[in-house]
């Protein structure tokens, strides 16, 4: 399978980077082809501009978006690896979705106004970290809300089948042994899914 990982964390020493390394290694060890788009290293421009819309409407998609469309088109699986900041996606990843998961490429509207996902046949996986304890997010409904906004609001909206959504809480305050266990959970999940 061909995997595309959209990675969004600015600190190369972060636990998210350990998740990225574990994900790539696990998939490659199983013979999968993996492409990583590290949005911070790429200095991806997350700002959707009027000129982007003009390009979409005229059939002249901006070159940086066209390049990302190529990566997505080739992928069988799209994985987001990112922290949760202010109960949402980091701005660079949200901007990537705004610009790249564009109308006419990732979705369109049918004659009756219904949404047609254009990325059917692809699977999606989301791996998130956050500082709040998981039990608090589970109890106050935030875990479900995060799954709805990303799983349904992005992937399913575009026709992508959600394989799973893993959320790991308290990451800044847990010990290294707990983080190692989190990485093992990710490795086990990848081995069971793919």
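The values are calculated or read from the model by the stated rules, or taken from the named source; none is laboratory data. Here the structure is a predicted model, which means the values were calculated and not measured. Every residue, glycine as well, gets a Cβ built from its backbone with ideal geometry; the counts of neighbours run over all protein chains shown.
Residues that are touching a residue at least 40 places away in the same chain (Cβ under 8 Å) number at least 2 in the following strands (runs of 3 or more DSSP E) confined to segment 106-194: 115-117, 123-129, 161-168. Only residues that are crowded, with 17+ Cβ neighbours inside 10 Å, closer than 12 Å to residue 150 by Cα and more than 11 Å from the chain's Cα centre (by Cα) were counted across segment 76-107, and they come to 1. Considering segment 42-75, the residues that are part of a loop (DSSP other than H, G, I, E, B) and under 16 Å from the mean Cα position of the chain (by Cα) include one that is surrounded by the most Cβ atoms within 10 Å (Cβ to Cβ), namely 75. A single member of 6, 20 is in a strand (DSSP E or B), touching a strand residue (DSSP E or B) at 6+ places or on another chain (Cβ under 9 Å) and on the phi < 0 side of the Ramachandran plot, and it is 6.
Residues that are at negative phi and out of contact with any helix residue (DSSP H, G or I) (no Cβ under 9 Å at 6 or more places or on another chain) within segment 107-133 comprise 108, 109, 110, 111, 112, 114, 116, 131, 133, listed in sequence order. Filtering 19, 84, 65 for residues that are in contact with a helix residue (DSSP H, G or I) (Cβ under 7 Å, 6 or more places away or on another chain) and closer than 18 Å to residue 158 by Cα leaves a single hit, 65. Among the residues of segment 78-105, the one identified as in contact with a strand residue (DSSP E or B) (Cβ under 9 Å, 6 or more places away or on another chain) and modelled with pLDDT under 95 is 103.
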